[in-house]
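Take a look at the structure below.
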Amino acid sequence: MGVRSYSGEYADERAGLQPTAWTRITDRNSRVRQLDWVLLGSAFALTLLGTLLVYSATRGRNDLHQGDEYFFLVRHLLYFALALGLATGVMRLGSGRVRDVAPVLYVGALVLTAMVLTPLGSTVNGSQRWIEVGAGFAFQPSELMKVAVILVMAALVAARADADDRGSPDARTVLECLALAAVPATLIVLTPDLGQTMVVVVITLGVLMAAGAARGWIIGLLSAGLLGALAVWQLGLLDQYQINRFAAFANPALDPAGVGYNTNQARIAIGSGGLSGSGLFHGSQTAGQFVPEQHTDFIFTVAGEELGFFGAGGIILLLGVVLWRALRIAREAADLFGAVVAAGLATWIAFQAFENIGMALGIMPVTGLPLPFVSYGGSSMFAVWIAVGLLQAIRLRARRRC
């Protein structure tokens with residue numbers, strides 16, 4: 001552990017002076033210099049790429065924007081600006097204060113998620129997942145719920161570790177973590193939203209593994225998850241459209257003009273791009289609107305067709321860089337809370353990216369999950385940039401401890 005030098009910004013603070021902009025940039029101890037710029041740059045690049053892809057997928061959709069080809073572009077940029085504000089706010093709040101308010105955030109997200117099931121919830125494409133907030137904007141509480149679940153479980157694990165001086169969570173802590181995840185998962189599955197429920201389950205496993213839960217718990221939870229999935233199927237708890245999606249995944253040739261249409265068209269669009277693609281804004285499949293929900297669930301097909309293998313591979317590479325930096329922040333975190341939160345965020349982004357890209361390629365069932373940083377949608381944009389703000393806050397806390 002080194003001794004902090006009180007030059008530059010910190011010297012100004014001790015003297016009661018306001019640090020200058022130049023001092024904040026040049027001082028090696030300044031927050032600006034201590035940010036993870038690789039993580040920030042990768043997230044920026046993904047979001048800007050997504051902005052171009054969203055515009056390409058929507059500019060010809062008169063049925064969606066009533067003749068204003070810039071409608072989705074402007075909204076996407078507005079969401080991005082608001083998301084940056086949220087990320088900055090979380091970063092300035094600091095991981096210590098975030099830990100203190102984690103239970104409040106969890107309860108708030110839980111209340112919003114429950115509100116979706118009331119008459120206040122808005123139904124789109126047969127699923128009641130949104131709350132209308134006016135002016136054509138809708139919020140999906142399950143996106144915020146994923147962040148809240150990570151924070152509250154990490155806070156619980158850290159609090160028990162501090163109190164009991166244990167190296168790994170005991171049975172009581174694991175069971176309480178499972179209960180904290182089970183409540184929102186149940187609410188989300190009732191909307192119904194199988195994709196977000198899957199994410200919450202995977203997040204729970206990732207958090208418990210990062211916290212050092214015994215291997216028996218992990219194996220038991222995986223087994224219970226498989227049995228639960230079979231029970232849901234056998235008891236007929238899934239809606240018919242969800243059953244059809246799984247059937248199309250198991251048999252791609254099943255009803256190619258009906259239930260299998262989305263995945264078939266997605267593969268055609270990606271395959272037509274070849275190595276270098278047809279060029280941005282020049283995709284025939286995209287312009288012809290052959291792939292449904294292309295600006296949200298199937299945004300990766302636009303990249304595959306117009307940017308080709310190299311462009312689509314670049315998106316995967318950037319997502320890999322984000323995950324690498326998140327895991328590095330988890331490893332270098334100053335406390336257990338920060339390490340578990342960073343690992344949980346990495347688990348969430350990794351699984352959701354894999355599921356979204358996988359369903360576009362036909363190797364995963366269609367679940368309606370957006371591609372992090374890339375897909376259109378304010379709720380998703382806010383959630384992933386809050387995650388970036390949390391990661392930066394955890395990194396800054398670790399740097400201050402050095």
* Cβ-Cβ under 6 Å pairs, at least 6 apart or on other chains, segment 312-332 side more than 20 Å from Leu48 (Cβ to Cβ), far side at pLDDT 95 or above and among the β-branched types (Val, Ile, Thr) -> Ile329/Ile394
* To do: Give me the pairs, please: first residue somewhere in segment 35-60 and closer than 30 Å to Ser95 by Cβ and assigned to a helix (DSSP H, G or I), second residue anywhere and at pLDDT 95 or above and among the small types (Gly, Ala, Ser), beta-carbon distance under 7 Å, and either six or more positions apart or on two chains.
  => Gly50/Ser375
* Taking segment 308-336 as the search range and keeping residues that are in a loop (DSSP other than H, G, I, E, B) and small (Gly, Ala, Ser), which one is farthest from Gly279 (Cα to Cα)? -> Ala334
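Could you pull out the residue among Val116, Val147, Val183, Val107 that is more than 21 Å from Thr204 (Cα to Cα) and aliphatic (A, V, I, L, M)? It would help to see each step written out before you state the result.
Working: Val147 fails: more than 21 Å from Thr204 (Cα to Cα); Val183 fails: more than 21 Å from Thr204 (Cα to Cα); Val107 fails: more than 21 Å from Thr204 (Cα to Cα).
Exactly one of Val116, Val147, Val183, Val107 is more than 21 Å from Thr204 (Cα to Cα) and aliphatic (A, V, I, L, M), namely Val116.
Every residue, every condition in (1) open to solvent by 40 Å² or more (accessible area, probe 1.4 Å); (2) modelled with pLDDT under 95, yes or no:
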residue: Met1; (1), (2): yes, yes
residue: Tyr6; (1), (2): yes, yes
residue: Gln18; (1), (2): yes, yes
residue: Ala45; (1), (2): no, no
residue: Leu49; (1), (2): yes, no
residue: Leu52; (1), (2): yes, no
residue: Gln66; (1), (2): yes, yes
residue: Leu77; (1), (2): yes, no
* From the options Ile349, Ile315, residue that is β-branched (Val, Ile, Thr), open to solvent by less than 40 Å² (accessible area, probe 1.4 Å), at pLDDT 95 or above and closer than 24 Å to Leu144 by Cβ -> Ile349
* Assuming Met381 fulfils every condition listed in (1) open to solvent by less than 20 Å² (accessible area, probe 1.4 Å); (2) in contact with a Pro (Cβ under 8 Å, 6 or more places away or on another chain) apart from one, which condition is it? -> (2)
* **Top-ranked residue of segment 134-169 - restricted to ones that are over 14 Å from Thr113 (Cα atoms) and in a strand (DSSP E or B), ranked as modelled with the lowest pLDDT** => Gly134
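The values are calculated or read from the model by the stated rules, or taken from the named source; none is laboratory data. Keep in mind that what you see is a predicted model, and the values were worked out from it rather than measured. Here Cβ is always computed from backbone atoms with ideal geometry, including for glycine, and neighbour counts include all displayed protein chains. These area figures cover heavy atoms from the full protein model, side chains too; ligands, DNA and RNA do not enter into them. Shrake-Rupley method; radii C 1.70, N 1.55, O 1.52, S 1.80 Å.
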